[in-house]
1. Can you work out which of the residues in the stretch 41-58 that are outside any loop (DSSP other than H, G, I, E, B) and touching a Gly at 6+ places or on another chain (Cβ under 9 Å) is surrounded by the most Cβ atoms within 10 Å (Cβ to Cβ)?
2. Among PHE26, PHE6, which is the only one that is out of contact with any Leu (no Cβ under 9 Å at 6 or more places or on another chain), among the hydrophobic types (A, V, I, L, M, F, W, C) and either in a helix (DSSP H, G or I) or open to solvent by 40 Å² or more (accessible area, probe 1.4 Å) (or both)?
3. Of the residues that make up the stretch 59-66, is at least one without any contact (Cβ under 8 Å) to a residue 12 or more places away in the chain, assigned to a loop (DSSP other than H, G, I, E, B) and open to solvent by 80 Å² or more (accessible area, probe 1.4 Å)?
Amino acid sequence: MTLIQFEYIIAVDNYRHFGRAAAACFVTQPTLSMQIHKLEDQLGVVIFDRSKQPVVPTDIGKRIIS
C-alpha cells in the first residue's frame, strides 16, 4: 500500500474516469489501473464499480477514499 496508490484512487474518484485521472496524475491509464488493481488485491476489496459510466466507488471504496 503506497501513497501513490491512494493518490490514484482519489483522482479516479474526483474525475470519475480512469483516463482523465491518469492524465491528471501524469501517468498512463494502464499504470494507474494496475496500481489500483494491486491495491484492491492487497486489501481484498473492489474499490470502484467499473461496470458503470462514470466510474463510481463501491461502498467499501467510499470508506477507503474518505
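1. Residue satisfying both the conditions and the ranking: PHE48.
2. PHE26 is the lone residue from the list that is out of contact with any Leu (no Cβ under 9 Å at 6 or more places or on another chain), among the hydrophobic types (A, V, I, L, M, F, W, C) and either in a helix (DSSP H, G or I) or open to solvent by 40 Å² or more (accessible area, probe 1.4 Å) (or both).
3. Yes, the conditions are met somewhere in the stretch 59-66.
The values are calculated or read from the model by the stated rules, or taken from the named source; none is laboratory data. From a predicted model like this one, the values you see are computed outputs, not experimental measurements. Virtual Cβ from ideal backbone geometry, glycine too; neighbours counted across all protein chains shown. Remember, those area values only see protein heavy atoms, side chains included, never the ligands or the DNA or RNA. Shrake-Rupley method; radii C 1.70, N 1.55, O 1.52, S 1.80 Å.
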